[in-house]
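Values quoted throughout were computed directly from the atomic coordinates according to the rules given, and no laboratory measurement underlies them. Nothing here was measured: the structure is a model prediction, and the numbers come from that model. Here Cβ is always computed from backbone atoms with ideal geometry, including for glycine, and neighbour counts include all displayed protein chains.
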Amino acid sequence: MKLSKLLSADRVILDLKALEHWPAITELVDQLVASGGLRLEQRGPILAALKTREDLVSTGIGSGVAIPHAFSDDIDEVVAIFGRSQAGLDFEALDHSPVHFIVLFIVPSKDYHLHLMTLAAIAKMFTNGAIRRQLAAAETNDDIHAILVAKPSRVAPPGA
C-alpha cells in the first residue's frame, strides 16, 4: 500500500486553525469524521486513545513534524490525515522546534505490525528537507496531495 493512498485531498487541512497541540489533534480527528474516514461514534474513543498516546511521550519527531497515532478495535484499515500549521505548534518535539506538519494515523488493533511500518514510512518521507519545503509552499490541498503522491514512501502490506 502506498502511504499517499491513505491521504486523499479531503484528508488534508491546508491551514490548521488550532494554535495548540491538543486542539490541532482534535481538529484533525474532526476532519477525519467529516471526510468519512471515521464514524461520529468513533470520535470519542479515538481521541481518548490519541490522548493516552500523547501523554506517554511527544509525537513531535523533530524537523517541524509530528506523527500522532493510536490503535483502535473499531476500524478495519489504517486511516490518516495531514495537517499543516503555518505558525507552528508546540508539540514538545524532540528538537524543541515548532511543528508545522502533522500526520495523524490510526491503526486497527489487529494489525499492530502496521503501526511501526506506517510510522517508519511517514518519518522517512519527512526526513527529506525538499519535501518539507514543497509542503510549506503548497497553496492547495490538491498541491499537498500531489507532493505526497509523488514521494515513493511505502507501507508494506500485512504479512510482507
field: Listed residues 116, 48, 100: farthest to the positive end of the dipole of the chain (Cβ charges)
entry: 116
- request: Report, for the range 3-150, the % of DSSP beta bridges that are antiparallel, rounded to 5.
  value: 55 percent
task: Quick one: Debye curve from the alpha-carbon atoms of the range 1-46 only, equal weights, vacuum; give me log10 I(q)/I(0) at q = 0.22, 0.25 Å⁻¹ to two decimals.
output: -0.82, -0.97
message: Per 0.36 nm of contour for each residue apart, how much would the distance between residue 41 and residue 113 grow if the chain were fully extended, relative to their Cα-Cα spacing?
response: 23.4 nm
message: With n ≥ 4 as the cut-off for DSSP H runs, can you work out [θ] at 222 nm for the chain, using -39500 (n - 2.57) per run divided by the number of residues, rounded to the nearest 500?
response: -12000 deg cm²/dmol
query: In nm, to one decimal, how far is the residue 136 label point from the residue 5 one, both placed 7 Å along Cα→Cβ?
result: 3.2 nm
message: Show me, bin by bin at 5 Å from 0, the whole-percent P(r) of the chain based on Cα pairs.
response: 1, 10, 20, 25, 23, 15, 5, 1, 0
- request: Please identify every one of the GluC sites (Glu not before Pro) in the range 1-101 that sits in a loop by DSSP and has no more than 15 other beta carbons within 10 Å of its own beta carbon.
  value: 20, 77, 92
message: Between 12, 103, 57, where does the largest GNM mean-square fluctuation fall for the chain, given springs only between Cα atoms within less than 10 Å?
response: 57
